[in-house]
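Structure record follows, encoded as structure tokens.
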Ligand code: PLP
């Protein structure tokens, strides 16, 4: 099968999809947030077909997961080969080469402060982003032996109780689930378009960092009680917010000054999505701990938490996961990294710049596109009432998502009022032109 265009041949969702959705409604947890009725049957590259034969262009990549595209032939071949040889053994109790090879590779590509030949980057394997964050929390507590944490408003780190304690993006994540981990304090992130201090960047003297220094650390939380400060280098669920380089550097300086560990959550922004292997590399800063998941194994469940040997200095039994770092997922990750390095990463930069330029052109044309932002193929447009008042228009954003789906384009929201573009990293300029064609016709139909 070779997909090369969007085909919408039934009403959406189609009749077979509708039946599947009806069963889902009856038996599947209602905690999942489905924006519209997209039922996936098969995928190839940047396209997904539903059971009714409609073909969609997928600019969500299974929420930034299918980095090498749907069912990349080399990934499929690797998975087949590995599953014929060994599917599971558990790296918690035994050794296998795919896991060891992956850890060795991660030690070469993950930038961690003070890592060296004698203090190498070590890997802990889990199955999901939230698990990677749980490992961050435990590594930091184990190293520093103090319980408190700093996180940011707008952040999303997962939905297990520990990871959830660090979230600051949606009240739905929190309501009815307290008590969470005690001792977490949230600071405003550098979302300069909507600065909580009403300041304008540049020229604001980083009031947001000052607030942490002069208010939080002086009046509310002692640096000596903080195990780690966790941040996304580019906020994902919060709205694809890219902070100024100076902000990230100032946070690194602040944490270093107080001996607080700096943990970076690269679950969404990592594995090439921003045009560098890890988003933090855009800021010239090395963290002490890094959490990675989503795109690492091209769709198989795998997460890795990295730190240098001195920081990850826990004892056998302190942390482990039966399935974490399964041989098939590790083999897929090794192949994913190879494919990224062989050309996909370069593609992210050329195609990402092309998509951004097209979105900027649209921004000039449409009053409701308040902002275009992001790095590589982690891009978003922020939907507002008009450019002057700049009030979030969440209803219009949702209308855009639905209208795009009706025309065969899969896109998701991020933040309260932004549309995200997180396609497979193998997309071409032709795919971008298709997306822009769909967006133009969606916008024309909005009568705004
Ligand atoms: N961290 C970030 C930045 C994320 O975007 C996500 C998921 O969207 C997570 C953590 C949690 O990942 P998972 O859903 O695999 O637990």
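The table for this structure:
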{"item": "Residue order, fewest to most surrounding Cβ atoms within 10 angstrom, among 24, 50", "result": "24, 50"}
{"item": "Rounded to whole Å, sorted largest first: equivalent-ellipsoid semi-axes of the chain, Cα gyration tensor", "result": "34, 29, 20"}
{"item": "The chain: relative contact order in percent, alpha carbon pairs under 8 Å with at least 6 residues between", "result": "22 percent"}
{"item": "Efficiency of FRET from Cβ geometry, residue 313 and residue 117, R₀ 22 Å, rounded to 0.05", "result": "0.80"}
{"item": "Fluctuation leader among 343, 238, 408 - the chain, Gaussian network, Cα springs under 10 angstrom", "result": "343"}
{"item": "The chain, helix-only ellipticity at 222 nm - DSSP H runs n ≥ 4, -39,500 (n - 2.57), divided by all residues, nearest 500", "result": "-10000 deg cm²/dmol"}
{"item": "Stretchable slack from residue 35 to residue 171, in nm (0.36 nm times residue separation minus alpha-carbon distance)", "result": "47.2 nm"}
{"item": "Sequence of 269, 107 once ranked by neighbouring C-beta atoms within 10 Å, starting from the fewest", "result": "107, 269"}
{"item": "Residue of 33, 78, 428 that the Gaussian network model of the chain assigns the largest fluctuation, springs spanning Cα pairs under 10 Å", "result": "33"}
{"item": "Viscosity 0.692 mPa s, temperature 37 °C, Stokes-Einstein D of region 350-448 from Kirkwood C-alpha radius, µm²/s", "result": "246 µm²/s"}
{"item": "Overall form of region 281-325 per C-alpha gyration tensor (a/c, 1.5; a/b vs b/c)", "result": "oblate"}
{"item": "Among beta bridges that DSSP assigns inside region 89-325, antiparallel share in %, nearest 5", "result": "40 percent"}
{"item": "Highest-fluctuation residue, 147, 416, 179 considered, GNM on the chain with Cα pairs under 10 Å", "result": "179"}
{"item": "Relative counts (whole %) of C-alpha pair distances in region 106-163, using bins that are 5 Å wide", "result": "4, 15, 20, 24, 22, 11, 3, 0"}
{"item": "Column: log10 I(q)/I(0), Debye, Cα scatterers of region 89-325, q = 0.12, 0.15, 0.17 Å⁻¹", "result": "-0.63, -1.00, -1.31"}
{"item": "Percent antiparallel among DSSP beta bridges (both partners in the chain, rounded to 5)", "result": "65 percent"}
{"item": "Added length on full extension, which subtracts the Cα-Cα distance from 0.36 nm per residue, residue 364 to residue 428", "result": "20.7 nm"}
{"item": "Ascending count of other beta-carbon atoms within 10 Å, so fewest first, for 201, 32", "result": "32, 201"}
{"item": "Residue 25 versus residue 346: modelled label distance in nm, points set 7 Å from Cα along the beta carbon direction", "result": "5.0 nm"}
{"item": "Prolate/oblate/rounded label for region 146-273 (Cα gyration tensor, a/c 1.5)", "result": "rounded"}
{"item": "Relative frequency of Cα-Cα separations exceeding 18 Å in region 275-359, percent", "result": "59 percent"}
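Coordinate-derived values only; no laboratory data. Because the structure is predicted, anything quoted here is derived from the model rather than measured. Don't worry about glycine lacking a Cβ; one is built from the backbone with ideal geometry, like all the others, and counts go over all protein chains shown.
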